[in-house]
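The values are calculated or read from the model by the stated rules, or taken from the named source; none is laboratory data. Predicted model, so just to flag it, every value in this text is computed and none were measured. Don't worry about glycine lacking a Cβ; one is built from the backbone with ideal geometry, like all the others, and counts go over all protein chains shown.
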Amino acid sequence: MFKYVLRNMWRRKARTFLTVFGIVVGIFALTVLGALSARLNQQVNGARTWYSSKISVVPKGSSLFGADNSYLELSKVPEIQAVPGVKNAVAGFGLPLSDQSSGFGTPELIIGADLSKAKDELELIRIKEGRILQDGDQGKVVLGSTLAEKFDAKIGETVELRGEPFEVVGIYETTLSAPDSFAFVSYEDALALFRAANPYFQVKEIAATIDVIPEPGVDMEDLAKRIDESVSGVKVISPAEAEKQISQFSLIFNAILLGIGFIALIVGGLSIINTMIMSVSERTQEIGLKKAVGAETGSILGEYLTEASLIGFFGGIIGMLLGLLAVNILNRVTSSNNVTIFTVTWMVVVGPVIFATILGTAAGVFPALRAAHLKPVDALKED
Amino acid sequence: MIVVSGLKKIYKIGDMEIRAIDNLDLTIEKGEFLSIVGPSGSGKTTLLHLIGCLDLPTYGGISIDGAEISTLSASDLTRIRREKIGFVFQEFNLLPVLNARENVELPLRYQKVPSQERHRRAMEALEMVGLTDRANNRPTQLSGGEQQRVAIARALVTKPVLVLADEPTGELDTYNTCRIIELMRDLNRETQQTFAIVTHDPMVADYTRRVVTLRDGKVSSDEAGLEQELTCE
């Protein structure tokens with residue numbers, strides 16, 4: 001039966017090829033975007049772990065991802081520290097590693113933290129080599145894994161952050177998320193770098209974020225609420241709130257992915273339906289003959305459904321392989337900049353093929369039913 | 001045995017009623033070799049389709065080996081076609097993507113016969129029509145006469161009680177016409193299968209044992225054929 005269906009498809013090589021190609025285009029796009037989405041979801045999940053184990057306090061009006069040139073005064077730190085349940089309120093200061101944008105993916109940031117209190121936070125990521133920053137460290141840096149690779153840094157070596165030399169004292173393990181491209185320094189060092197970059201911006205003692213580590217056993221949501229009530233002029237982002245912001249971000253991207261999938265569905269599906277209707281009407285007499293010699297409705301139905309699903313399957317396989325090839329090449333090209341744009345998960349490989357096969361089968365239902373329910377006598381008369 | 005009684009087939013085209021078969025009675029005994037003749041539009045092919053369970057009558061009954069087909073469901077009719085009837089068509093109707101043997105195997109496939117036995121029986125049927133050496137050829141590589149022989153092998157492979165042929169020689173030259181008729185008559189004599197051949201070729205009718213003539217959907221004459229001996233050259 002399979003052999004027979006394949007031979008039938010081969011009869012109209014050009015048409016079969018074009019229909020398959022239509023699916024290939026859709027599935028190619030789906031695979032590439034799927035790999036992109038997998039990478040983003042990976043980063044988002046990393047960010048989720050990073051952000052949801054603490055409460056972030058940011059200036060009013062800004063969000064987890066975007067600080068719009070507004071800063072917190074350091075006087076907020078003792079205020080927050082005074083809220084019952086707060087173990088440590090850590091002033092933090094982030095600025096871009098370079099003024100040129102690194103393009104796609106998580107930004108490369110210099111993160112300054114108040115080292116006298118930041119131990120709990122800095123221990124959130126496992127250290128691979130060396131040690132985490134300690135109170136009193138100056139001109140020292142702990143690098144996220146991506147940055148370590150980019151600088152080809154070893155413990156004890158010196159790297160330049162915005163033109164200033166820093167000694168590498170530690171390198172974090174890969175988390176596949178935001179902190180991989182962070183360079184952790186002391187709060188004072190970060191502020192100094194900021195001042196050097198913005199000589200006309202009169203800054204005193206400021207912080208971009210204040211991260212709150214709760215006492216053990218304290219409910220983070222309740223604590224966030226208490227901070228919000230007792231400290232004015234700040235926005236408190238609780239783990240739940242962070243989760244919401246992160247989800248929103250990935251939701252938008254997944255919606256785009258779904259949109260592409262939907263377009264592939266309509267375009268590919270219609271072209272399969274079209275091809276199958278043409279095949280059925282071309283072979284009407286053959287269908288009549290088969291019925292005359294005793295074919296059941298079901299076997300005609302099965303034959304045409306198989307043909308349609310094979311179109312989908314071949315289109316899916318080819319589109320997916322081309323997609324993987326493109327993803328591989330793009331990753332190679334960008335790897336020189338230490339940026340990984342795509343991640344290939346098994347879902348990225350298997351998903352589009354299954355999707356295309358189901359799509360093909362579904363698109364075949366209508367033409368196959370039409371073929372199966374032809375009256376033998378009418379079908380035989382057809383020329 | 002096939003008994004047709006009070007058979008009517010009426011087509012409606014717009015407001016017009018066309019009585020393709022109009023109150024027709026006919027009995028065909030087992031093992032007969034008969035031709036059905038008549039002018040175009042006399043209802044020959046329609047009758048063949050009705051007897052072959054490819055179409056349903058408007059009124060009247062057809063019984064095949066005691067089974068009244070008007071009471072049967074579509075899947076029962078499929079089963080009767082599959083088990084009791086073999087068809088031969090004017091245009092051969094071989095599937096172009098299958099070779100001769102695979103075409104002959106097709107009805108057995110629908111009977112779910114295992115592949116080895118299918119193969120064996122198809123080769124047997126091809127031997128009966130003298131085409132074993134063409135078993136692996138596709139229809140496009142065969143002459144018209146050869147294609148019709150393959151079609152006959154396909155009709156016979158299930159050992160049906162009734163073989164219905166609709167203008168089987170319509171596309172063939174005189175020599176091949178003669179060979180096909182000769183083949184069908186020999187098979188009829190050997191196997192005692194019933195053959196009913198629709199034709200408008202007087203030569204074909206002359207070779208059969210019984211000639212039923214239709215006119216306006218009715219039997220206008222039903223007489224013994226000349227049953228001439230064949231000499232194909």
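Residue count for segment B:2-29 satisfying the condition of being over 17 Å from B:ALA165 (Cβ atoms) and in contact (Cβ under 8 Å) with a residue 24 or more places away in the chain: 17. Determine whether segment B:54-75 contains at least one residue that is crowded, with 16+ Cβ neighbours inside 10 Å, small (Gly, Ala, Ser) and within 14 Å of chain A (Cβ to nearest Cβ). No; the residues of segment B:54-75 include none that is crowded, with 16+ Cβ neighbours inside 10 Å, small (Gly, Ala, Ser) and within 14 Å of chain A (Cβ to nearest Cβ).
Listed here are the residues, each with its yes/no results for (1) within 17 Å of B:ARG154 (Cα to Cα); (2) facing another protein chain (nearest Cβ under 10 Å); (3) surrounded by fewer than 21 Cβ atoms within 10 Å (Cβ to Cβ).
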residue: B:GLY43; (1), (2), (3): no, no, no
residue: B:ARG79; (1), (2), (3): yes, yes, yes
residue: B:LEU106; (1), (2), (3): yes, yes, no
residue: B:ASP133; (1), (2), (3): yes, no, yes
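Is it the case that A:ILE227 is in contact with a strand residue (DSSP E or B) (Cβ under 7 Å, 6 or more places away or on another chain) and in contact (Cβ under 8 Å) with a residue 12 or more places away in the chain? Don't jump to the end; show me each part of the working.
On the way: in contact with a strand residue (DSSP E or B) (Cβ under 7 Å, 6 or more places away or on another chain): yes; in contact (Cβ under 8 Å) with a residue 12 or more places away in the chain: yes.
Here the answer is yes, as A:ILE227 does meet what is asked.
If you go through segment B:17-36 and keep only what is surrounded by fewer than 22 Cβ atoms within 10 Å (Cβ to Cβ), more than 14 Å from B:LEU47 (Cα to Cα) and within 19 Å of the chain's Cα centre (by Cα), you end up with B:GLU29, B:LYS30, B:GLY31, B:GLU32.
Considering every residue within segment A:237-254, establish whether at least one is more than 22 Å from A:SER56 (Cα to Cα), in a helix (DSSP H, G or I) and charged (D, E, K, R). So far as segment A:237-254 goes, no, none of its residues is more than 22 Å from A:SER56 (Cα to Cα), in a helix (DSSP H, G or I) and charged (D, E, K, R).
One residue stands out in segment B:161-177 among those that are at pLDDT 90 or above and hydrophobic (A, V, I, L, M, F, W, C): the one that is surrounded by the fewest Cβ atoms within 10 Å (Cβ to Cβ), namely B:VAL161. Do we have any residue at all in segment A:306-317 that's surrounded by fewer than 18 Cβ atoms within 10 Å (Cβ to Cβ), in the same structural domain as A:LEU265 (by TED's automatic domain parsing) and out of contact with any strand residue (DSSP E or B) (no Cβ under 8 Å at 6 or more places or on another chain)? Checking segment A:306-317: not a single residue is surrounded by fewer than 18 Cβ atoms within 10 Å (Cβ to Cβ), in the same structural domain as A:LEU265 (by TED's automatic domain parsing) and out of contact with any strand residue (DSSP E or B) (no Cβ under 8 Å at 6 or more places or on another chain).
Within segment B:83-104, the set of residues being outside any loop (DSSP other than H, G, I, E, B), under 13 Å from the mean Cα position of the chain (by Cα) and at the interface with another protein chain (Cβ under 9 Å from one of its Cβ atoms) comprises B:ILE85, B:GLY86, B:PHE87. For segment B:120-129, state whether one or more residues are within 13 Å of chain A (Cβ to nearest Cβ), touching a residue at least 12 places away in the same chain (Cβ under 8 Å), of a type in the set (Val, Ile, Thr) and closer than 25 Å to B:ARG179 by Cα. There is no residue in segment B:120-129 that is within 13 Å of chain A (Cβ to nearest Cβ), touching a residue at least 12 places away in the same chain (Cβ under 8 Å), of a type in the set (Val, Ile, Thr) and closer than 25 Å to B:ARG179 by Cα. Scanning segment B:33-80 for residues that are farther than 26 Å from B:GLN111 by Cβ, among the hydroxyl-bearing types (Ser, Thr, Tyr) and not in a helix (DSSP H, G or I) yields B:SER35, B:SER40, B:SER42, B:THR58, B:TYR59.
Taking the listed residues A:GLU296, A:GLU286, the one that is within 29 Å of A:ILE354 (Cβ to Cβ), of a type in the set (Asp, Glu), crowded, with 16+ Cβ neighbours inside 10 Å and within 14 Å of chain B (Cβ to nearest Cβ) is A:GLU296, with no other qualifying. Of all residues in segment B:137-160, those satisfying the criterion of being assigned to a loop (DSSP other than H, G, I, E, B) and either within 14 Å of chain A (Cβ to nearest Cβ) or surrounded by 22 or more Cβ atoms within 10 Å (Cβ to Cβ) (or both) are B:ARG138, B:VAL157, B:THR158, B:LYS159, B:PRO160. Close contacts from segment A:155-171, counting a first residue that is not assigned by TED's automatic domain parsing to the domain that holds A:LEU191 and a second that is loosely packed, with under 14 Cβ neighbours inside 10 Å and modelled with pLDDT of 90 or more, with Cβ to Cβ under 9 Å and a gap of 6+ residues or different chains, come to none at all. Check whether at least one residue in segment A:128-138 is touching a helix residue (DSSP H, G or I) at 6+ places or on another chain (Cβ under 8 Å), over 24 Å from A:PRO214 (Cα atoms) and either in a loop (DSSP other than H, G, I, E, B) or among the hydroxyl-bearing types (Ser, Thr, Tyr) (or both), and report yes or no. Taking every residue of segment A:128-138 in turn, at least one turns out to be touching a helix residue (DSSP H, G or I) at 6+ places or on another chain (Cβ under 8 Å), over 24 Å from A:PRO214 (Cα atoms) and either in a loop (DSSP other than H, G, I, E, B) or among the hydroxyl-bearing types (Ser, Thr, Tyr) (or both).
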